[in-house]
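Visitor: Please see the structure below; I have some questions.
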Amino acid sequence: MIGFLLIDKVQGEASFDGVKALRKLLNERRIGFAGTLDPLATGLMIYAIGEATKLLTYLEKSDKVYETAVHLGAVSSTYDAVGEIQTNAGSPQPTRKQIEKILEDYFTGEIDQTPPVFSAVKIQGKPAYKYARKGEEIEMKSRKVSIFEIEILSFVWPILKLRVHCSSGTYIRSLAHDLGKMLGCGGYVEELRRVKIGHRNVKDAVLMATLDPANIVKFMKKPEELFSDWTQMELNEREYEVLRNGGTVQKEVEVVSGPILALYGGRCVGVLRSEQGILKFEKQLVQQ
């Protein structure tokens, strides 16, 4: 089985809950997803089924778009509404212009960001949140992330609504916390919704509750549909046989810097890389 499902995750569910639900519906063990969402968050999840799980690494690298409601004037132990909240009584109320200035100066382009301690970032092989839940102190290292665009959707104290287009690995909870700190009033994520992964939109997603064994196949997307923005190449029989046996094929292609989706008989059979006109499988899918 090869395919993808675009799911609109509801609040309160864990990302892995979708894996368990789909395993029951499809009777398929090999199911994975690209990009974890916290239980508080809603929005786009992409689940891969069967051989399609081999392509998840390409989705994980995609940029993301989020819409969030940041609650100013308070801080949270988890940087979101599920943590222990501490109100900063008497904290200054920033103006929209002040917020716009700080967002432009400090939260646009490549920035240094430290993930929350309550996160899935691995520390010595274990998720950071496992240490945090035990009250153990750990040092979270900052890393480079990119904010391509950040837009104020509305601001009525204390709620600031933002739309953020960012690179993979960006934590919106950290952004909210850091923004509140710079404003001098504190801030945490009250609501969070992922609306895009690359060019894939939550508008094309379905709720898990609407799926059943009779209709689920109708909603599945083939790799060639999900990666429609990639260069796609149809292989002939000789080319496919050589490549699937670990060989290389010399073929003139347009200048392509990224991966190429390989098709044989109109179906996706893997991902190719081209180096000076020499093609080789980077990922190969087993057809069933």
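Visitor: At most 16 other Cβ atoms within 10 Å and a DSSP loop assignment: could you name the GluC sites (Glu not before Pro) in the stretch 224-288 that fit?
Guide: 252, 254
Visitor: Run lengths n ≥ 4 of DSSP H only: what is the helix-derived mean residue ellipticity at 222 nm for the chain, with -39500 (n - 2.57) per run over all residues, to the nearest 500?
Guide: Working: 8 runs with 62 residues, N = 288.
Mean residue ellipticity, 222 nm, calculated: -5500 deg cm²/dmol.
Visitor: With N set to the number of residues, divide the alpha-carbon radius of gyration of the chain by 2.2 N^0.38 Å and report two decimals.
Guide: That ratio works out to 1.15.
Visitor: Using 5 Å bins from zero, what percent of all Cα-Cα pairs in the stretch 63-109 falls into each bin?
Guide: The distribution over the stretch 63-109 is 5, 16, 18, 24, 22, 12, 2, 0, given as percents.
Visitor: Still on this structure, I have one more. Rounding to the nearest 20 debye, state how big the charge dipole of the stretch 230-284 is about its Cα centre with +1 on each Lys and Arg Cβ and -1 on each Asp and Glu Cβ. Let's see the in-between values first.
Guide: Working: 7 positive and 8 negative charges, 40 e Å.
Roughly 200 debye, rounded to the nearest 20.
Visitor: Please compute the contact order of the chain in relative form: average sequence separation of alpha-carbon pairs under 8 Å and at least six residues apart, divided by the residue count, as a percent.
Guide: 22 percent
Visitor: Let me ask you something else. Over 28 Å between Cα atoms: which of 141/280; 144/196; 97/141; 221/283 fall into that group?
Guide: Distance filter (> 28 Å) returns 141/280; 97/141.
Visitor: Taking the dipole about the Cα centre of the chain, with the C-beta of Lys and Arg at +1 and of Asp and Glu at -1, give me whichever of 243, 19, 279 is farthest to the positive side.
Guide: The one lying farthest along the dipole's positive direction is 19.
Visitor: Calculate the all-directions average of the projected area of the stretch 1-106's alpha-carbon convex hull, and give it in nm².
Guide: The directionally averaged projection comes out at 8.7 nm².
Visitor: Charges at C-beta only: +1 for Lys and Arg, -1 for Asp and Glu. How large is the resulting dipole of the chain about its Cα centre, in Debye rounded to 20?
Guide: With Lys and Arg at +1 and Asp and Glu at -1, about 660 debye.
Visitor: Hey, another quick one. At q = 0.19, 0.28, 0.30 Å⁻¹, what is the log10 ratio I(q)/I(0) for the stretch 203-264, with the Debye formula run over Cα points and no solvent?
Guide: Those come out to -0.82, -1.27, -1.34, one per q.
Visitor: When the expected Rg is taken as 2.2 N^0.38 Å, what fraction or multiple of it is the alpha-carbon Rg of the stretch 230-284?
Guide: With N residues counted in the stretch 230-284, Rg over 2.2 N^0.38 Å equals 0.97.
Visitor: If you put +1 on each Lys and Arg Cβ and -1 on each Asp and Glu Cβ, how big is the dipole of the stretch 7-128 around its Cα centre, in Debye rounded to 20?
Guide: Dipole about the Cα centre, nearest 20: 500 debye.
Visitor: Which is farthest toward the positive dipole end of the chain among 213, 146, 34, measuring Cα position about the Cα centre, with Cβ charges +1 (Lys, Arg) and -1 (Asp, Glu)?
Guide: Checked the options; the winner is 213.
Readers should treat all values here as calculations from the given coordinates under stated rules, not as data from a laboratory. Computed from a predicted structure; not experimentally measured. We place every Cβ from the backbone using ideal geometry, glycine too, and count neighbours over all the protein chains shown.
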